[in-house]
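The values are calculated or read from the model by the stated rules, or taken from the named source; none is laboratory data. Owing to the predicted nature of the structure, the values given are computational and were not obtained by experimental measurement. Cβ coordinates were reconstructed from backbone atoms using ideal geometry, including for glycine residues, and neighbour counts include every protein chain displayed. The protein model used for the area step is the full one, side chains on, heavy atoms only, and it has no ligands, DNA or RNA in it. Shrake-Rupley method; radii C 1.70, N 1.55, O 1.52, S 1.80 Å.
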Amino acid sequence: MLTTLLVLADGRLPSGAHAHSGGLEPAVAAARVADLADLDGFLRGRLATAGLVTAAFAAAACASAALLTGPGALARLDVLDAELDARTPSPAQRKASRQQGRALLRAGRAMWPLPAVSWPATGPHQPIALGVITAAAGLDPSHAATTAAYGTISGPASAAVRLLGLDPYRVHALLAALAVDCDRVADRAAAYAKQDPENLPAASAPLLDIGAEVHASWEVRLFAS
């Protein structure tokens, strides 16, 4: 199971995540993130908001996908996707999440047998796809939550090296220092796995939403989001 989890959380997984900065590129352009200390604050804020929401929905989707034996489970996945859509006020972020969800499903199908689910043409939100794939890989909701929470900080951290020219060793030291917080968020998120979708977290990060809309209007940008 541990190796399977590492495969799923590997940044080299061909899911398109490397093309997204998690909101860091507009934050850098707005001079809110300029050095390692700023990056630390950005990652902690993202983990506490988008990280918690993403991890909770991934855990809930994993729990639902593990029980895909009838229309009730399929309906719950649809509700989870709709609830996450409602928690994503930025159209640009909704588009980016579904792009990543579609790409993640493609990668997942190449590795494990996935349940036959009729997704929207635009694809499911990335955390929903992650939860379904985690279940297909034989992992549980806590694994889905951990992978999701880690992804919300590892992506922007990697982008920071390219955007700011930061020392990659120090950036990864920062990620290591965030491990306890990441585990704590994942544990909290996993507790929502079997709760009603409307009761899942709705932590917001308005600057990420605003930055995503500004970023989407740029003609030249390094990352898709």
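Mind checking which residues of segment 9-40 are open to solvent by 40 Å² or more (accessible area, probe 1.4 Å), outside any helix (DSSP H, G or I) and either without any contact (Cβ under 8 Å) to a residue 24 or more places away in the chain or farther than 29 Å from Gly123 by Cα (or both)?
Across segment 9-40, the qualifying residues are Asp10, Arg12, Ala30, Ala31, Arg32, Ala34, Asp35.
Just the residues that are of a type in the set (Phe, Trp, Tyr) and within 19 Å of Ala17 (Cα to Cα), please, taken from segment 205-223.
Residue satisfying the conditions is Phe223 alone.
Conditions (1) closer than 25 Å to Met1 by Cα; (2) in a loop (DSSP other than H, G, I, E, B); (3) at pLDDT below 95, marked per residue:
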| residue | (1), (2), (3) |
| --- | --- |
| Ala92 | no, no, no |
| Ser97 | no, no, no |
| Arg109 | yes, no, yes |
| Pro115 | yes, yes, yes |
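What pairs come up if the first residue lies in segment 198-225 and is within 18 Å of Ala160 (Cα to Cα), the second is among the charged types (D, E, K, R) and surrounded by 13 or more Cβ atoms within 10 Å (Cβ to Cβ), and their beta carbons are under 7 Å apart, counting only those six or more places apart or on different chains?
Between residues of segment 198-225 that are within 18 Å of Ala160 (Cα to Cα) and residues that are among the charged types (D, E, K, R) and surrounded by 13 or more Cβ atoms within 10 Å (Cβ to Cβ), the close pairs are His215/Glu25; His215/Arg221; Arg221/Glu25; Leu222/Glu25; Leu222/Arg162; Phe223/Glu25.
Against the definition (over 25 Å from Gly165 (Cβ atoms), open to solvent by 60 Å² or more (accessible area, probe 1.4 Å) and part of a helix (DSSP H, G or I)), how does Leu6 come out, yes or no?
Answer is yes for this residue.
Looking only at segment 184-208, which residues are buried (at least 19 other Cβ atoms within 10 Å of the Cβ) and within 16 Å of Leu77 (Cβ to Cβ)?
Tyr192, Ala193, Pro197, Leu200
Identify, from the list Gly131, Gly211, Gly123, Gly151, the residue that is on the phi > 0 side of the Ramachandran plot and either open to solvent by less than 60 Å² (accessible area, probe 1.4 Å) or in a helix (DSSP H, G or I) (or both).
None of the other options fit; the residue is Gly123.
Looking only at segment 149-165, decide whether some residue is of a type outside the set (Val, Ile, Thr), without any contact (Cβ under 8 Å) to a residue 12 or more places away in the chain and within 18 Å of Phe42 (Cα to Cα).
yes
Restricting segment 36-71 to residues that are of a type in the set (S, T, N, Q) and at pLDDT 95 or above, which is nearest to Leu114 (Cα to Cα)?
Taking the candidates together, the pick is Thr54.
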